[in-house]
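A short write-up of the structure that comes next.
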Amino acid sequence: MRRVSTVTPPPRVLRALMRAIDLVNDRVGRWSAWLALLLVLVTTYDVVMRYLFRTSYVFIQELEWHIFAVMFLITAGYAHLSNSHVRVDIFYARLSPRAQAWIDFVCGILFLFPTAFLLIWTSIPFIESSVRALEGSPDPGGIPGRFVLKAVIPLGFLLLGLQGISETIKNFYHGMGKEWRA
């Protein structure tokens, strides 16, 4: 006899919230592919200039770092959405999908949310200080307005935290034995 789940799917408002968060991170992740292309072009230009023309520009080198940093920060939520983040799954992979959902649920609450909140909270004074000083590159010819790059730090962790909300809700219901389409 087949066991029937008594868990109801999440309320409509939670499903709408999950869909909205997933959509935002999916769009950000897909948009960041253009940043990857831009990074390849900028890096190629830098390499060609350095090795063929024996010249290099600090601005271009810093631009490479800035593009990479923005890509890394804003795609953490997308990595969580697509389950492509780094995980040490020596034991995790051997567990049932429901047990995995419970582990992800508990770890989201214990680790993901406090970390995302802490990094957002502590980055604000860091950014404010940078904006007040109109911080730029310390190197001649470098990128001015480094404070803009620093402002991406809380945005990246906000996107990750929001995706954590969506994934935690999904894991709770999955752990309870209820499957549904968000």
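Read the figures in this text as sums done on the coordinates, not as results from a lab. Not measured: the values here are computed from a predicted model. Note that each Cβ is placed from the backbone with ideal geometry, even for glycine, and that neighbours are counted across all protein chains shown.
Data for the structure
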{"quantity": "Radius 11 Å from Cβ of Ser129, net charge of other residues (Lys, Arg +1; Asp, Glu -1)", "calculated": "0"}
{"quantity": "Helical contribution to [θ] at 222 nm, DSSP H n ≥ 4, -39,500 (n - 2.57), averaged over the chain, rounded to 500", "calculated": "-23000 deg cm²/dmol"}
{"quantity": "Cα-Cα separations in the stretch 41-92 greater than 12 Å, expressed as whole percent", "calculated": "72"}
{"quantity": "Cα-based helix-to-principal-axis angle, 58-74 vs the chain, degrees rounded to 10", "calculated": "10"}
{"quantity": "Using alpha-carbon coordinates, inclination of helix 12-52 to the longest axis of the chain, degrees", "calculated": "30"}
{"quantity": "Net lengthening on full extension, Val40/Val106 (0.36 nm per residue, minus Cα-Cα)", "calculated": "19.9 nm"}
{"quantity": "Unit charges at the beta carbon, dipole of the chain: most positive-side option, Gly164, Thr44, Pro125", "calculated": "Gly164"}
{"quantity": "Coordinate range along principal axes, alpha carbons of the stretch 12-175, Å, largest first", "calculated": "58, 38, 30"}
{"quantity": "Cα centre as origin, Lys/Arg/Asp/Glu Cβ charges: the chain dipole, Debye", "calculated": "900"}
